[in-house]
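The structure under discussion appears below in the form of structure tokens.
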Amino acid sequence: MDNSDDSKNISYGKNVKISDNVKFKGKIVLGDNVKISDNVIIYPNVTINDNSYIGPGCIIGEPTADYYQEDNHFFKPTIIGRNSIIRSGSIIYENNTIGDEFQTGHNIIIREGAKIGDNCSIGTHTELQPNVNIGNYVRIHSKVMVGALTKIEDFVWIYPHVVITDDRYPPMGDLKGATIRKYAQIGAGSLLYPGVEIGENAIIGANTMVKRDVKPERVISGIPGRDICSIRDIKDEHGNTIYPWKDHIKNYKGYPWQKKDQ
Amino acid sequence: MDNSDDSKNISYGKNVKISDNVKFKGKIVLGDNVKISDNVIIYPNVTINDNSYIGPGCIIGEPTADYYQEDNHFFKPTIIGRNSIIRSGSIIYENNTIGDEFQTGHNIIIREGAKIGDNCSIGTHTELQPNVNIGNYVRIHSKVMVGALTKIEDFVWIYPHVVITDDRYPPMGDLKGATIRKYAQIGAGSLLYPGVEIGENAIIGANTMVKRDVKPERVISGIPGRDICSIRDIKDEHGNTIYPWKDHIKNYKGYPWQKKDQ
Amino acid sequence: MDNSDDSKNISYGKNVKISDNVKFKGKIVLGDNVKISDNVIIYPNVTINDNSYIGPGCIIGEPTADYYQEDNHFFKPTIIGRNSIIRSGSIIYENNTIGDEFQTGHNIIIREGAKIGDNCSIGTHTELQPNVNIGNYVRIHSKVMVGALTKIEDFVWIYPHVVITDDRYPPMGDLKGATIRKYAQIGAGSLLYPGVEIGENAIIGANTMVKRDVKPERVISGIPGRDICSIRDIKDEHGNTIYPWKDHIKNYKGYPWQKKDQ
């Protein structure tokens, strides 16, 4: 390892802005209008595409553990899509591929091997363990732990303090990732066992512990989680059905089927 | 957005100390004896009152999301009271009003629209979502998530890993804040449903899920939380009553009714 | 307090590398081959032993609260062992003694008074409250809260989002630390009451609330936690016994009884 700066290896798009005390550590590609804030460190083989913003103190392309034992670590490529906002203090490891319109809170951690689609957001203090696979339009709130090998399909929302585990017989390291199908909602403070599958449109209530697979459109609640009802049985205080939420959401949240008229 | 420094717009009190690699991004007021540590960024329209300390790497006046889409973002005023200690890595958004004697742990996040009274403390990695209202002498420990619109009265304590939720039918964004009355204690790892009211002097046991309003002076425990007893039924191992805690607290913790003689 | 740099008081070993924007604030000892990354702050009376790496933005020797009220704060000694990797943004307070081969994730917090043995690791966003005592080969994952006075013996693993509490009658400050015996496993999202003892080889299932002492080799699960079975009753899907894990672990994890042949 070394702490040198290597600014001559940078490929700059048009109108790139680099603030102060920024370190570039190897071959890096910066698209048009990219903005790099103060105190950022970018390791080799990172590509940041057009119009993206890297907030103060971020580290992009953070090396995996073998870096500390090798003389000549090869940095696997890391790509961040266009129009993305990586807020301050966030750390994205090497060997990650992230789509367009990506947004983060502050101080998030994305470990190596993630594939993340377009229009996703990752909340403050959330951590993705290695080798997760995330679709498009996924929203993960604050302080979530996404275990290794987790697969999350499009339009899933995960609320604060959720823990998705991965080790079936800890500490043996016999990892199995959970699978969360389209439109599912994982309530705040819930915990998923290694390898469970959450069905499409399912709702996991707050503080639920999910030990078994959940069928589509079911509501699960409790510790351990029990099947409570269909999502279509939930009504608001006016007696209106509100799930599946895709059919009822009114406030503009940037989904493809919405128009921005508010 | 821009990354420029704008040091000529600063109003300095007496004996202000500014460390290295500090960025001031607009009109900023620093009271007497204010100390700004290394690598701090302060956005426009921030006032830091007398004798306050801003630790390394803090960001004060962090812009809200619209900043990234606007050419000329107006920063709403942010005020930090006197004699405050903001520890390293903390991020306080714009449009916040914080009282005197404020203290934080490290890496806290305060989103926009908070009103916080005097003598409060916010623990390491804790996050306040937008538009919370916090009284005086409130202590919030580490890794707490305070949901949007939460109202916390004077002398409340909230312990580590508590989650106060706000969205009644996620992800619809139909937000309702919880209300926590004076002297209430919210045990570690507990979760509050959107809009619940916790009565004065009530105690929420560790790991409790609160789905309904809690009456004053009641002890609630379990998932879901059940009413266990009156707080006056709790006794220590010597058989002494210990609640309401205001009447029994002995160690000096800086409350108005205490004298510092230890 | 002051923000001055004091580079003449440093004792350098051979081949020390110091990156940019580093602050040394007093008498500091750096062993051979120590590497200090960008934007690090080191307070007085810190010793960092041979071959150790301090990542970007770390703070070592962070002062305790009395520092902000004193004119001449005495920094108690802090020692970090050899061959250690302290990842970016981590904060280690003064008055800590940490052994060799120590590793951390990002943004960890170690408050004052910790004694930590050799070959330990502390995960991202984890916080150790004051005066904990940790043996050798202990692994603590991400976002764990280790309460004050906790005692953790050798080879214990603690998984993400565990909360170890310490205040028996909050907010009275009548602290009592938990004790976790050798080889015990504390499942993700679990919460321990103040002062409980977890027996040797015991397994606390995910999301368990432990209110009472746990005997050796027992499995505890639920809220509140109940005694489920012996650890020897757990079998994997092939019908094989897997606990006590020390006798069954196959993947190399660096334990003294293992050889690195994979």
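Below, the figures for the structure above:
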item	result
In region A:149-189, the residues that are within 24 Å of B:K143 (Cα to Cα), away from chain B (no Cβ under 14 Å) and assigned to a loop (DSSP other than H, G, I, E, B)	A:T150, A:T165, A:D166
Selection from region A:1-23 of residues that are in a loop (DSSP other than H, G, I, E, B), within 14 Å of another protein chain (Cβ to nearest Cβ) and at pLDDT 95 or above	A:N15, A:V16, A:S19, A:D20, A:N21, A:V22
Flag for C:G113 being more than 27 Å from B:Y183 (Cβ to Cβ), small (G, A, S), in the same structural domain as C:R82 (by TED's automatic domain parsing) and surrounded by fewer than 22 Cβ atoms within 10 Å (Cβ to Cβ)	yes
Single unsatisfied condition, C:N136 versus (1) surrounded by fewer than 23 Cβ atoms within 10 Å (Cβ to Cβ); (2) without any contact (Cβ under 8 Å) to a residue 24 or more places away in the chain	(2)
Any hit, region B:69-77, residues being touching a helix residue (DSSP H, G or I) at 6+ places or on another chain (Cβ under 7 Å), closer than 20 Å to A:I85 by Cβ and either part of a loop (DSSP other than H, G, I, E, B) or of a type in the set (G, A, S) (or both)	yes
Residue list for region C:89-101, filter: buried (at least 24 other Cβ atoms within 10 Å of the Cβ) and either in contact with a Gly (Cβ under 6 Å, 6 or more places away or on another chain) or among the β-branched types (V, I, T) (or both)	C:G89, C:I91, C:I92, C:I98
Neighbours by Cβ (under 7 Å, 6+ apart or cross-chain): first from region B:56-79, in contact (Cβ under 8 Å) with a residue 24 or more places away in the chain; second of a type in the set (F, W, Y) and not in a loop (DSSP other than H, G, I, E, B)	B:E62/B:Y93; B:T64/B:Y93; B:Y68/A:Y53; B:H73/B:Y67
Number of the exception - C:R212 against (1) closer than 30 Å to B:N201 by Cβ; (2) surrounded by 15 or more Cβ atoms within 10 Å (Cβ to Cβ); (3) at pLDDT 95 or above	(2)
Condition met for A:I203 (buried (at least 23 other Cβ atoms within 10 Å of the Cβ), within 14 Å of chain B (Cβ to nearest Cβ), under 23 Å from A:R139 (Cα atoms) and touching a helix residue (DSSP H, G or I) at 6+ places or on another chain (Cβ under 6 Å))	yes
One residue from B:D38, B:D100 being within 18 Å of the chain's Cα centre (by Cα) and of a type in the set (D, E)	B:D100
Of all residues making up region A:5-45, the number that are within 24 Å of B:V40 (Cα to Cα) and not hydroxyl-bearing (S, T, Y)	18
Residues of region A:47-65 classified as more than 27 Å from C:K253 (Cα to Cα), touching a strand residue (DSSP E or B) at 6+ places or on another chain (Cβ under 7 Å) and in a loop (DSSP other than H, G, I, E, B), total	5
Filter pass, C:T47 being surrounded by fewer than 21 Cβ atoms within 10 Å (Cβ to Cβ), under 16 Å from B:H106 (Cβ atoms) and modelled with pLDDT of 95 or more	no
Residue list for region C:55-85, filter: β-branched (V, I, T) and within 11 Å of chain A (Cβ to nearest Cβ)	C:I85
Residues of region A:219-255 that turn out to be over 17 Å from A:L191 (Cα atoms), more than 9 Å from every other protein chain (Cβ to nearest Cβ) and basic (K, R), as a count	3
Residue in region B:207-227 that is closer than 23 Å to C:P224 by Cα, hydroxyl-bearing (S, T, Y), in contact with a strand residue (DSSP E or B) (Cβ under 9 Å, 6 or more places away or on another chain) and not in a strand (DSSP E or B) present	yes
Options B:I122, B:I98, B:I116, B:I134: the member that is under 13 Å from B:I164 (Cβ atoms) and away from chain A (no Cβ under 13 Å)	B:I134
Condition broken by C:G26, with the remaining ones in (1) more than 14 Å from every other protein chain (Cβ to nearest Cβ); (2) within 22 Å of B:H106 (Cα to Cα); (3) in contact (Cβ under 8 Å) with a residue 40 or more places away in the chain satisfied	(2)
Unmet requirement for B:L192, which otherwise passes all of (1) crowded, with 24+ Cβ neighbours inside 10 Å; (2) more than 10 Å from every other protein chain (Cβ to nearest Cβ); (3) within 29 Å of A:N201 (Cβ to Cβ)	(2)
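Table: residues versus (1) touching a Pro at 6+ places or on another chain (Cβ under 7 Å); (2) touching a residue at least 60 places away in the same chain (Cβ under 8 Å); (3) of a type in the set (A, V, I, L, M, F, W, C).
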residue: C:V156; (1), (2), (3): no, no, yes
residue: C:Y183; (1), (2), (3): yes, yes, no
residue: C:G189; (1), (2), (3): no, no, no
residue: C:A202; (1), (2), (3): yes, no, yes
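The values are calculated or read from the model by the stated rules, or taken from the named source; none is laboratory data. Predicted model, so just to flag it, every value in this text is computed and none were measured. Virtual Cβ from ideal backbone geometry, glycine too; neighbours counted across all protein chains shown.
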